1. Whole-Hz ³J(HN,Hα) for each residue in region 291-303, computed from phi via Karplus 6.51 cos²θ - 1.76 cosθ + 1.60 with θ = phi - 60°, x for glycine and proline: what do you get?
2. How big is the gap, in Å, between the Cα center of region 70-102 and the Cα center of region 286-312?
3. Tell me, what ³J(HN,Hα) does each residue in region 114-120 have, in order and in whole Hz, if you take phi through Karplus 6.51 cos²θ - 1.76 cosθ + 1.60 with θ = phi - 60° and put x for Gly and Pro?
4. Lys/Arg Cβ at +1, Asp/Glu Cβ at -1, dipole of region 85-244 taken about the Cα centre: which of 185, 148, 201 is farthest positive-ward?
5. Starting from the Cα-Cα distance between residue 269 and residue 103, subtract it from 0.36 nm times their residue separation and give me the gain in nm to one decimal.
6. Find the Cα radius of gyration of region 242-282, compare it with 2.2 N^0.38 Å by division, and give the number to two decimals.
7. With the crude spin-label approximation of a point 7 Å out along Cα→Cβ, what separation in nm comes out for residue 285 versus residue 227?
8. When the Karplus curve 6.51 cos²θ - 1.76 cosθ + 1.60 is applied with θ = phi - 60°, which whole-Hz ³J(HN,Hα) does each residue of region 275-288 get, with x for Gly and Pro?
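The values are calculated or read from the model by the stated rules, or taken from the named source; none is laboratory data. Keep in mind that what you see is a predicted model, and the values were worked out from it rather than measured. Methodologically, a virtual Cβ is constructed for each residue, glycine included, from the backbone with ideal geometry; neighbour enumeration extends over all protein chains shown. The protein model used for the area step is the full one, side chains on, heavy atoms only, and it has no ligands, DNA or RNA in it. Shrake-Rupley method; radii C 1.70, N 1.55, O 1.52, S 1.80 Å.
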Amino acid sequence: MIAPSVDLAEEILSLKRERNAVILAHNYQVREIQELADFVGDSLGLSFQAAKTDAEVIAFCGVHFMAETAKIINPSKTVVLPDLDAGCSLSESCPADKLAAYLERHADKNYYVIAYINCSAGVKALSDVICTSGNAVKIVRAAPADRNILFVPDQNLGSWVMEKTGREMELWKGNCYVHVEFTQNSINRIREQYPEAAVVAHPECTFAVRLLADEVCSTERMISYCRESDAKAFIIVTESGMLHRLRREMPDKVFIPGPTEACACADCRFMKMNTLEKLHDALLNLRPEITLPEAVRARAELPIRRMLELSA
Ligand code: 13P
Ligand code: SF4
């Protein structure tokens, strides 16, 4: 740790230059990190940035599967994640050994496996193609018509894509512990308070909540939707970090956090593990570093590349 008198943000920027690093941050990161980052975006935008960067170090301010994806697609880079414990409940819900056993038990189905990017490298290595919330509809539409689709690990995103595409899929029963906390009641109550506000929800929300939304979309699409909309106020039904970017980019509009039954807004405890202090230390020590066995990395790269090609 550095002395509190030192300007941490300045220190980070100077370390970034010394290390020839790029700072990539997800839309759910704390405001101070978003303000320092070279790029702030959703999982898809971050994957494209990680794939094309020529910096030597990628300081990834997000959760583990995001930093791991960066390492998979750009393996010669040093990828650091400020807190290695920044996991994801969706990723945890689908361990690679369980998926492998399931695929073996149902080998007769010859599944085409579509994995939401919120999963481990081991799960990616068992998949045919990866998707994010920003391109899931496109990826499912591009799937071979004669194959059974197994969609892992988010059943809510999966059922939303089934509604949008009309394509039958088998869904792994995972969910995001943050987005399932929004309920029909909690969103209806805030709508009564702000009847003019448009409701924008992430597809990881439950069906009952998605039904109340004017728009269901990825975090990046939330930015363009709110910018293009005539509405002046929006109820944002996703993780609270999203509000920083929306407010920064559209200071003339009003953004109200979607509440859960228990809280006025929803925080992802994993996303919030990253702090400026930890980012500083990660750039200083080049630790914690993301590493993975080459065989897994190389196999996991194939479905990610397929996704990037289909989304370009
Ligand atoms: P986006 O790709 O839409 O940013 O979603 C990532 C995520 O983890 C949502 O909970
Ligand atoms: Fe995972 Fe949910 Fe956190 Fe996104 S908000 S990183 S899906 S636990």
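1. 10, 7, x, 4, 5, 5, 4, 5, 5, 5, 5, 4, x
2. Each part's Cα centre sits 10 Å from the other's.
3. Residue by residue, region 114-120 yields 9, 10, 4, 4, 6, 7, 6 Hz.
4. After comparing all options, I get 148.
5. Result: 56.6 nm gained on full extension.
6. 1.50
7. It is 3.8 nm.
8. 10, 4, 4, 5, 5, 4, 5, 5, 6, 5, 9, 6, 8, x
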